[in-house]
Each structure stands twice: as structure tokens, then as C-alpha cells.
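Q: Quick one: structure below, then a few questions.
The values are calculated or read from the model by the stated rules, or taken from the named source; none is laboratory data. Note that this is a predicted model, so its numbers are computed, not measured. A quick note on method: Cβ atoms are made from the backbone with ideal geometry, for glycine too, and the neighbour counts reach across all protein chains shown. The accessibility values were calculated without ligands, DNA or RNA, using every heavy atom of the protein model including side chains. Shrake-Rupley method; radii C 1.70, N 1.55, O 1.52, S 1.80 Å.
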Amino acid sequence: MNHPVQMFDYHAWATQILLGRIKELPPSVLQQEVNTSFPTIGEAFAHMYAIDKCWLSVLSGTSMPKALEECLPLQQKILRYSVDDFANAFSELAEEYRAWFRNQDDLEQMIVLENPYAGTRNTRLSEIVLQTVNHGTYHRGNISTMLRQLGHASTMNDYSLFWYQEPAESV
């Protein structure tokens with residue numbers, strides 16, 4: 001299996017694992033105020049989703065400024081989703097990524113990335129996939145901290161645990 005694809009599969013799995021843990025808690029936990037990087041867990045998941053969607057748009061050929069313009073409004077639109085709504089949205093987006101992967105011959109292909117926050121650079125498609133995964137890992141850590149601040153345990157969703165799971169369907 002291709003390493004960036006496997007890392008994306010981990011990203012999708014880990015997000016569902018964390019959502020599964022939150023599903024065990026009272027539904028209000030998504031909207032409880034926390035003094036951390038995001039005001040609520042729901043806002044953290046909404047941000048993750050919007051940025052995942054943005055990177056898929058960039059991978060599919062949309063300029064980053066246009067992708068951000070199209071995707072960032074999603075964050076406000078979905079921030080009050082239920083756990084099931086988030087789980088379904090992330091699952092559907094993971095399938096969109098997998099369809100994109102199936103149509104790629106070369107994840108090492110270079111594109112010009114026009115990042116409005118950092119400038120322009122040549123970037124491999126695989127680097128964008130790994131950025132997506134890394135961004136998700138960072139925010140799952142934020143969410144785990146938020147859960148602890150709200151008095152709830154999180155759940156392990158480390159890459160090393162993913163190694164021991166049933167193999168996902170190949171892309």
C-alpha cells in the first residue's frame with residue numbers, strides 16, 4: 001500500500017474512533033464551552049472537516065485561495081452538527097478522498113500551491129495528503145484535551161493502534 005494512502009486511512013479511522021467515544025457521552029458535550037483552542041468540540045470538528053474538504057479541493061486542481069473561499073463557510077454551517085452528523089460527513093468525505101486516490105497515477109506529482117498565508121511553492125500531492133493527516137492529528141489532540149477539561153476520558157487513536165486494526169479496504 002502507498003504510504004500517503006495508508007496515512008489517510010489512519011486519519012479517517014482515528015477521526016471515527018474519536019467520534020465514537022464522543023457518541024458515548026451526553027450529546028451536549030459537543031457544544032459545551034471550553035477555554036482552549038476552540039470554544040467547543042463541535043467547532044473543532046467543523047474546522048477539521050472544512051479544512052479536509054479544502055485540501056481535497058486543492059488536490060483536485062482548485063487553487064488554494066478558491067478552495068478556502070468555497071470551504072471555510074462550511075465551518076459555520078456544520079458547527080452544530082450532532083455526533084452522527086459529523087461521523088456521516090467525515091465518512092462521506094473519506095470516500096471522496098478514496099475516489100480521488102483511485103484516479104491518481106503519481107502522488108509524487110508536483111503542483112504549484114498558492115497558499116495565501118505562506119506564499120507560493122512547488123508541492124507534491126503526497127505532501128498535501130500528509131498535511132491533511134497531520135492537521136487532523138493535531139486537532140484530535142485538541143479535542144482529547146477538551147474532553148479531559150470537560151471531565152471525560154478520551155480514547156486512544158494513535159497511529160500505532162491503527163497498525164493492529166483489521167486492514168481497511170484497499171483503495
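Q: Taking the Cα-to-Cβ direction at residue 120 and at residue 95 and moving 7 Å from each Cα, how far apart do the two end points lie in nm?
A: About 3.8 nm, to one decimal.
Q: A follow-up question, please. Just 47, 139, 152 to compare: in a GNM of the chain, with alpha carbon springs under 10 Å, which one fluctuates most?
A: 152
Q: Picking from 133, 112, 83, which is most flexible by a Gaussian network model of the chain using Cα springs under 10 Å?
A: 112
Q: Which value in nm describes the separation of the simple spin-label points at residue 160 and residue 69, placed 7 Å from the Cα toward the beta carbon?
A: Rounded to a tenth, the inter-label distance reads 4.6 nm.
Q: Given labels modelled 7 Å from the Cα in the Cβ direction, how far is it in nm from residue 103 to residue 28?
A: Computed distance between label sites residue 103 and residue 28 equals 4.5 nm.
Q: Let me ask something else. Quick one: ranking 158, 105 by accessible area, 1.4 Å probe, largest first, what do you get? Display every interim value, and only then the final one.
A: Numbers: 158 80, 105 160 Å².
If we order 158, 105 from most to least accessible, we get 105, 158.
Q: Taking residue 53 as the anchor, which lysines have their alpha carbon closer than 16 Å to its alpha carbon, excluding any fewer than eight residues away along the same chain?
A: Of all the lysines, those that pass the test against residue 53 - Cα under 16 Å, at least 8 places apart if same chain - are 66, 77.
Q: With every protein chain present, what is the per residue accessible area of the chain (1.4 Å probe, Å²)? Before the final figure, lay out the partial values.
A: Numbers: 8940 Å² over 171 residues.
Result: 52 Å² per residue.
Q: Next up: Show that you can apply the helix-only estimate: for the chain, add -39,500 (n - 2.57) for every DSSP H stretch of four or more residues, divide by all residues, and state [θ] at 222 nm to the nearest 500.
A: -20500 deg cm²/dmol
Q: While we're looking at this one, here's another question. Could you tell me which helices of the chain pass both thresholds, a Cα extent of 24 Å or more along their own axis and a mean Kyte-Doolittle hydropathy of at least 0.5, with helices taken as whole DSSP H runs? Present the calculation step by step, with values, prior to reporting the outcome.
A: Working: long enough: 3-23 (30 Å, -0.05); 41-59 (27 Å, 0.84); 83-102 (28 Å, -0.47); 125-149 (36 Å, -0.32).
Result, helices passing both filters: 41-59.
Q: Hey, another quick one. Once neighbouring chains are kept in place and the probe is 1.4 Å, which whole percent of the accessible area of region 80-171 is contributed by carbon and sulfur? Mind dumping the intermediate values first?
A: Details: 2520 of 5610 Å².
Here it works out to 45 percent.
Q: To continue, here is another question. What do you reckon, how do 13, 55, 163 stack up by accessible area (1.4 Å probe), largest on top?
A: Numbers: 13 45, 55 25, 163 145 Å².
The residues order as 163, 13, 55, largest area first.
Q: Given the options 25, 130, 161, which has the most mean-square fluctuation in a GNM of the chain, springs set between C-alpha atoms less than 10 angstrom apart?
A: Among 25, 130, 161, the largest GNM mean-square fluctuation belongs to 161.
Q: So what's the projected area for region 85-171, the Cα convex hull averaged over all directions, in nm²?
A: About 8.1 nm², averaged over all directions.
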